[in-house]
Amino acid sequence: MTDGAKRFCSSKYYPKGATTAFSDGFPALLANESSLAVLNDKLVARKQPPISMDRLRPNVIISGDEGESSRNAFAEDGWSRTVVGAGRGVSFGVVKPCARCKVITIDQRTGVPDKRPSSASTKGTPDDDDDGGGPAAPAEPTATLRTFCTGELLGFRKPSWRADVFFGQNLVHEGAVGREIAVGDVVVATPRRKRGLFAKGVRGVDYW
């Protein structure tokens, strides 16, 4: 991005205004180790190998206390804001669940998508369904996510999200720039407002 260039995030999901650069729609992505553990349990139950966190490509990874993984799994889906670090921590708005594209089906070490023999182009084949070559229909972890993390199963009301699969939450940095987060920082989360007459979804966006 050239100096002074501004690429704005969708004001529908973050009306206060925020910018991003080469990331997709928002500047950061949060994922939870406990949520990954649940996904991996389901993969193994389907006789598929577990995946590592790098397949999901988050910027911020959180984890709970040992022995509490099941209780902490997908807790991030109920947050509206989180502060990382004690004292003058870094504040993030948790603005939108992340709809996952085909990249999560690609082994980050080899570049080969799941259920394909190589990374060769799929142009002109039945897998050519997304920007010149989507994953094979049973590609993991998308196939397993479809069993419990589609927009329809999660109860999202937005029609275009019904068939999408979701994992992780998009973040927008709030407050002063130049602060740092580090491994081991404490994470303090603010729960999303419950649905009601005057409270809809995250920051007024009714995606439920």
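What follows draws every value from the coordinates through simple rules; no lab data is involved. Everything quoted here is computed from the prediction, not taken from an experiment. Using ideal geometry, Cβ is built from the backbone for each residue, glycine included, and neighbour counts are taken over all protein chains shown.
Report the full-extension gain for the segment VAL112 to SER23: residue separation times 0.36 nm, less the Cα-Cα distance, to one decimal in nm. Write down the numbers at each step before the final one.
Numbers: separation 89, 0.36 × 89 = 32.04 nm, distance 2.18 nm.
Answer, rounded to one decimal: 29.9 nm.
Taking each pair of different alpha-carbon atoms in the range 7-191 once, compute 1/r for the pair, average those values, and report the inverse of that mean as the Kirkwood hydrodynamic radius in Å to one decimal.
Working: mean 1/r = 0.0564 Å⁻¹.
For the range 7-191, the Kirkwood estimate is 17.7 Å.
Search the structure for amide H atoms under 5 Å from the amide H of GLU174, placed 1.01 Å from N in the peptide plane, and list their residues when 5 or more places away or on another chain.
When sequence neighbours closer than 5 places are left aside, the close amide H contacts are SER91, PHE92, GLY93.
Please state the relative contact order of the range 7-191 as a whole percent: Cα pairs under 8 Å, 6+ residues apart?
With pairs under 8 Å counted, the relative contact order is 28 percent.
I want to make sure I understand the PRE zone here: with the label point 7 angstrom from the Cα of ALA182 toward its beta carbon, which residues in the range 86-112 have backbone N atoms less than 18 Å away?
Backbone N within reach: 86-91.
Obtain the nm distance between the two label points defined at THR2 and LYS16 by a simple spin-label model: each point lies 7 Å from its Cα along the Cα-to-C-beta direction.
3.0
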